[in-house]
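Computed from the coordinates by the stated procedures, all read-outs in this text should not be read as laboratory data. Quantities reported herein were computed from a predicted structural model and do not represent experimental measurements. When we count neighbours, we look across all protein chains shown, and the Cβ atoms used for this are built from the backbone with ideal geometry, even at glycine.
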Amino acid sequence: MTNTPIERDRIEAVQALFDGLVRFSRALKARSGDWGHAAQDLTRGDIVALGVLEARGSTRPGQIAAALNVDPSVISRQLVTLARLDLITRGTDPEDGRAELITITPQGRERLVQAREAICLALAERLGHWDLDEIGRATAMVEDLSIHLHEPTSHTSKDSHV
């Protein structure tokens, strides 16, 4: 594989995309009050962790952390809260009695559905000026971006920071 220089126009376009994604992330965080009533005492991180459990089934804490690209200590703290709220159960992995297995409870599943519905309702109201095709295109682009961001690059450096 050859390393070809990236054109300046492409770098500037990607910078604009990056800036837009940062603004988007901040806007989501700022608007979390729009759906906070449904989330009640759950953080965005709690909702995302519950979503991983819903999608994957019973999972080890380290696997949840890996799925979310966060340090295991972050998940450990979230699991304490989620267990206190009876949204997850903590058990022993039957394949390895030394390992812990986390499972979403029916109450956790219900809270996840409520939170997601509130989030999607708030976003649907904010995106009322988009037609369904625009929402579909945006979804496809975000999915494509997510997939490609998870792929390793040939020139990734551990010391490079944005």
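Observations on the structure shown:
- Only one of (1) 63, 40, 38; (2) 53, 42, 24; (3) 60, 47, 39 was calculated from the structure for Cα extents along the principal axes in Å, and its label is (2).
- Dipole magnitude for the chain: computed about the Cα centre from +1 point charges on Lys and Arg Cβ and -1 point charges on Asp and Glu Cβ, it is near 480 debye.
- Note on T43 and A66: the model spin-label points, each 7 Å out from Cα along the C-beta direction, lie 2.3 nm apart.
- For the options G128, G45, G108, a Gaussian network treatment of the chain with springs between C-alpha atoms closer than 10 Å singles out G128 as fluctuating the most.
- Across segment 56-113, C-alpha contacts under 8 Å between residues 6 or more apart give a mean separation that, scaled by the residue count, equals a relative contact order of 35 percent.
- Helix 72-84 axis versus longest C-alpha principal axis of the chain: approximately 40°, rounded to the nearest ten.
- From phi via Karplus (6.51, -1.76, 1.60), per-residue ³J(HN,Hα) for segment 92-99 in Hz, x at Gly/Pro: 8, 5, x, 7, 8, x, 7, 9
- Dipole of the chain, positive direction: furthest Cα of V74, P5, I135, with charges on the beta-carbon: V74
- The phi-based Karplus calculation (6.51 cos²θ - 1.76 cosθ + 1.60; θ = phi - 60°) puts the 3J(HN,Hα) values of segment 9-16 at 4, 5, 4, 5, 5, 5, 4, 5 Hz, whole numbers, x for Gly and Pro.
- Here the relative contact order of the chain, from alpha carbon pairs under 8 Å that lie six or more residues apart, stands at 20 percent.
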